[in-house]
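First up is the structure itself, then whatever we jot down about it.
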Amino acid sequence: MSSIESVLHECRKFQPHELFVKHATISGIDSYHALCASADSDYASFWGGFARKEIDWKKAFNHILDESNIPFYRWFYDGELNASYNCLDRHLAKSSNKTAIIFEADDGSVSKVTYHELYIRVCKFSNALKDMGISHGDRVIIYMPMSIEAVVAMQACARIGAIHSVVFGGFSAKSLHERITDVGAKTIICANYGVRGGKSVPLKATVDEALSLGGCESVNKVIVYQRINQDTPWSLDRDFWWHELVENASDYCEPVWVNSEHPLFILYTSGSTGKPKGVQHSTGGYLLGTIMSMKWVFDFKDEDIFWCTADVGWITGHSYVAYGPLAIGGTQVLFEGIPTYPDAGRFWQMIEKHKVSIFYTAPTAIRSLIKVGADFPGKYDLSSLRLLGTVGEPINPEAWMWYFQEIGKERCPIVDTWWQTETGAHMIAPLPGAVATKPGSCTLPLPGIIMDIVDEEGNHVEGVGGGLLVAKKPWPSMIRSIWGDPERFKKSYFPTELKGAYLAGDSAHRDEDGYYWIMGRIDDVLNVSGHRLGTMEIESALVANPLVAEAAVVGKPHEIKGESVIAYVVLKGLRPEGDEAKRIVAELREWVGKEIGPIAKPDEIRFGDNLPKTRSGKIMRRLLRSLAKGEEITSDISTLDNPSILEQLKQSVI
Ligand code: WT7
């Protein structure tokens, strides 16, 4: 409630700076309204027009939107294109020598590639993949650190019509294994090690471990990029060095032209059950979403230096590192390291060094940099910046104001972008030269994106009010299905009560200006440091430990991470106390790190003889949430079967 209170009392409003408005692509609120009106009057033609203008098609489409099998919408579905051609080849005539990527390694060394060089590297690697037997429709797992090679790997898959599924390098062997088997991958592309914060992280060893878990018969090759010269475990008949494969590969590779609906990639994300969902995206519609948002929300200009700090393992790194910036022929910074190494000034130092003009990061990073290094921004020249962005979770007004004043010097608009793995691109965000901003609000939907707030029966909430956030119309970059589970796709996102609307899974509030304020998830999904974690996933991981009988996981507000993970655990043996309890806590945290990944480790574990349950055996998470926050329980507990357990759990803080 307190976060809701604080944003609802927020009434500061910032008009876009005059200078910014003057040069903005969408300039002034009237231009924004005109675009929205044009989308309203003919929804399909609105998107069709942009799709024709912004994408190079091998075969033009005649049909814009197919609604014959709702909710399996198809966009531009008789058109043919190639995403890599749109990101590379089409820029060569004009921008062959333009820098595509400025890569800064963990140790500060910098390497740059032009569009022509990137094109050659993608062609060579595409040919290497073809030689490995990869072709149209095959699934390829990419388990790479932030690197030019990671982008090359994704683009090369796109070039030959293979479907990539990037797994974040922080996920454990178990999580990687689950994704490999679910997607039926034929090949894995990884690095031998990653380098972050001065330390090397074994990646190839984790791939080997994942493959040893069984059921990975589909995988017959592993391609390894040698990031550092260090011992790397090796299987002679299965593993190949990246550099050896591309050495003699041809530097021309004809793109494989695919249907607009051909899956460009599958990206796993957490839902409210234990099993992650393979979010399946299209080619044409997805690309259009990234292009339009680069232009509208980031107001991208030819001379901009764009930097999105997200890892390619998340959707933000797909849309605003691997595809969006390249599709519009922009220059971007790609960073291998972490914001606090060698010190908490790293981001600001890099902005100065590379003259970054558009900077896009997560609220959790901003909050942690305020906490550990509020003095750092003052040491650097940040005058190259003209636009700032945030994504991943609600930004608290205090952090927004700091970002606005200390980083943007009150010159740079802040675009707070609400979207999801499933939406592919920004959905609600200010067009910076048109829409006034309010700290903590993602403001208004993009033109052509029809959002609403509804009650549980799907009825529109009129005027000021709160409820479920939904999209009332399909949009080009939307999720197409859950890989291998179309029924789950229908059930999760288009529940019958909502009469055809897309359920985002967030609750939201609309203010008197029609601005959206995101209040958080409505399902059993936590948002820890901008990363989505399913409580069920963590619970299943805990219960898989031989010591554990039962577990319930809830979130608790956290100053920096947004939310922290609190686990209530019942052991098979006696409830532990003292040093023994501490030892088991450490063991279980490690265990979850191994089962899912370090990001999912519970911040606190509390032991009980039981969990609060209803007579029918359902865990009352609402009570656990209150306990976790240290709140008095004042709500109704008449359905609770074992009220005495509350007292015990209250005492259980270790
Ligand atoms: C969930 C999606 C989209 C890329 C990163 C996360 C939350 C995202 C915002 C924002 C408030 C936000 C929502 C959403 N979220 N952006 N600007 N303001 N909340 O992608 O892992 O798919 O998570 O992140 O709860 O549903 P994701």
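The values are calculated or read from the model by the stated rules, or taken from the named source; none is laboratory data. On a predicted model such as this, the values are computed, not experimentally measured, just so you know. Don't worry about glycine lacking a Cβ; one is built from the backbone with ideal geometry, like all the others, and counts go over all protein chains shown. The accessibility values were calculated without ligands, DNA or RNA, using every heavy atom of the protein model including side chains. Shrake-Rupley method; radii C 1.70, N 1.55, O 1.52, S 1.80 Å.
Which whole-number percent is the relative contact order of the range 335-480 (Cα, under 8 Å, 6+ apart)?
Numbers: 230 pairs, mean separation 23.6, N = 146.
Computed over the range 335-480, the figure is 16 percent.
What is the Cα convex hull volume of the range 320-443 when expressed per residue in Å³?
For the range 320-443, the hull spanned by Cα atoms encloses 111 Å³ per residue.
Which value, to two decimals, describes the C-alpha radius of gyration of the range 210-296 once divided by 2.2 N^0.38 Å?
Rg over 2.2 N^0.38 Å, computed on Cα atoms: 1.53.
Could you do me a favour and compute the accessible area per residue for the chain, 1.4 Å probe, result in Å²?
Normalised by residue count, the accessible surface of the chain is 38 Å².
Mind scanning LYS13/LYS295; LYS53/LYS353; LYS277/LYS594; LYS98/LYS409; LYS124/LYS275; LYS186/LYS275 and naming the pairs with a C-alpha gap bigger than 26 Å?
Numbers: LYS13/LYS295 23 Å; LYS53/LYS353 35 Å; LYS277/LYS594 20 Å; LYS98/LYS409 29 Å; LYS124/LYS275 36 Å; LYS186/LYS275 21 Å.
From the list (LYS13/LYS295; LYS53/LYS353; LYS277/LYS594; LYS98/LYS409; LYS124/LYS275; LYS186/LYS275), the Cα-Cα distance tops 26 Å for LYS53/LYS353; LYS98/LYS409; LYS124/LYS275.
Please give me, ordered by residue number, the GluC sites (Glu not before Pro) of the range 404-489 that lie in loop per DSSP and have at most 13 other Cβ atoms within 10 Å.
GLU410, GLU456, GLU457, GLU462
Using a 1.4 Å probe over the heavy atoms of the protein chains, calculate the carbon and sulfur portion of the accessible area of the range 166-216 as a whole percent.
The computed percentage sits at 54.
Starting from the Cα gyration tensor of the range 263-380, take the square roots of the eigenvalues, sort them a ≥ b ≥ c, and report rounded, prolate or oblate (rounded when a/c is under 1.5, otherwise prolate if a/b is larger than b/c, else oblate).
Because a/c hits 1.5 or more and a/b fails to exceed b/c, the range 263-380 counts as oblate.
How long are the semi-axes of the equivalent ellipsoid of the range 367-426, taking √(5λ) for every eigenvalue λ of the Cα gyration tensor, in whole Å from largest down? Display every interim value, and only then the final one.
On the way: eigenvalues 105, 39, 19 Å².
After scaling each eigenvalue by five and taking roots: 23, 14, 10 Å.
Indicate, rounded to the nearest 5 percent, the antiparallel portion of the DSSP beta bridges found entirely in the chain.
60 percent
Quick check: at a probe of 1.4 Å, how many percent of the accessible area of the range 594-654 sits on carbon and sulfur atoms?
Answer for the range 594-654: carbon and sulfur cover 49 percent of the accessible area.
Name the aspartates and glutamates eligible as straight-distance cross-link partners of LYS572: C-alpha to C-alpha under 17 Å, and not fewer than 8 places from it in the same chain.
GLU539, GLU550, GLU580, GLU587, ASP609
Would you calculate the volume per residue, in Å³, of the smallest convex hull containing every Cα atom of the range 306-346?
61 Å³
Just in the range 191-273: which trypsin sites (Lys or Arg not before Pro) are loop by DSSP and have at most 16 other Cβ atoms within 10 Å?
Passing both the DSSP loop test and the Cβ count: ARG238.
Determine the share of the range 457-523's accessible area contributed by carbon and sulfur atoms, expressed in whole percent, with a 1.4 angstrom probe. Present the calculation step by step, with values, prior to reporting the outcome.
Numbers: 1480 of 2810 Å².
Solvent-exposed carbon and sulfur of the range 457-523 make up 53 percent of the total.
Ranked from the most accessible area to the least, with a 1.4 Å probe and all protein chains present, what is the order of GLU393, GLU254, GLU632?
I get GLU632, GLU254, GLU393, largest accessible area first.
Determine Rg/Rh for the range 28-161; Rg is computed over alpha-carbon atoms and Rh is the Kirkwood hydrodynamic estimate from the same atoms. Intermediate results must be reported in sequence, preceding the final value.
On the way: Rg = 18.8 Å, Rh = 17.7 Å.
When Rh is taken as the Kirkwood radius, the ratio is 1.06.
With a 10 Å radius around each residue's Cβ, average the other Cβ atoms per peptide and rank 492-501, 412-421, 574-583, highest first.
412-421, 492-501, 574-583
Mind listing P(r) for the range 128-231? All alpha-carbon pairs, 10 Å bins, whole percents.
Computed distribution, short to long bins: 16, 51, 30, 3.
Can you tell me the FRET efficiency between ASP237 and ASN69 if r is taken as the Cβ-Cβ distance and R0 is 45 Å, rounded to the nearest 0.05?
Details: r = 44 Å, r/R0 = 0.98.
After rounding, the FRET efficiency stands at 0.55.
Semi-axes of the equivalent ellipsoid for the range 424-514, please: Cα gyration tensor eigenvalues, times 5, square-rooted, ordered largest first, whole Å.
Semi-axes from the Cα gyration tensor: 25, 17, 10 Å.
Using per-residue counts of other Cβ atoms within 10 Å, averaged over each peptide, order 526-538, 86-98 from highest down.
Highest mean packing first, the order is 526-538, 86-98.
Running Debye on the range 582-623 with equal point scatterers at the Cα sites and no solvent, what base-10 log of I(q)/I(0) appears at q = 0.32 Å⁻¹?
Per q value, in the given order, log10 I(q)/I(0) is -1.00.
Give the cross-link partners of LYS499 among the lysines, using a straight C-alpha distance below 16 Å as the criterion and excluding same-chain residues fewer than 8 apart.
Candidates past the 8-residue exclusion: LYS472, LYS473, LYS490, LYS491.
Could you tally the net charge around GLY271, taking each other residue with its Cβ under 15 Å from the Cβ of GLY271, Lys/Arg +1 and Asp/Glu -1?
Charge balance near GLY271 sits at -2.
Starting from the alpha-carbon convex hull of the range 499-599, give the projected area averaged over all orientations, in nm².
Computed as one quarter of the Cα hull surface, the answer is 9.2 nm².
Given H placed on each backbone N at 1.01 Å, which residues far from GLN332 in sequence or on other chains put an amide H within less than 5 Å of it?
Residues meeting the amide H criterion: ILE101, ILE102, PHE306.
Which aspartates and glutamates have a Cα lying under 17 Å from the Cα of LYS22, excluding residues fewer than 8 positions away in the same chain?
The reachable aspartates and glutamates, counting only those whose Cα sits under 17 Å from LYS22, are ASP30, ASP299, ASP302, GLU303, ASP304, GLU410.
Taking the convex hull of the Cα atoms, report for the chain its projected area averaged over all directions, in nm².
Convex hull of Cα atoms, orientation-averaged projection: 28.6 nm².
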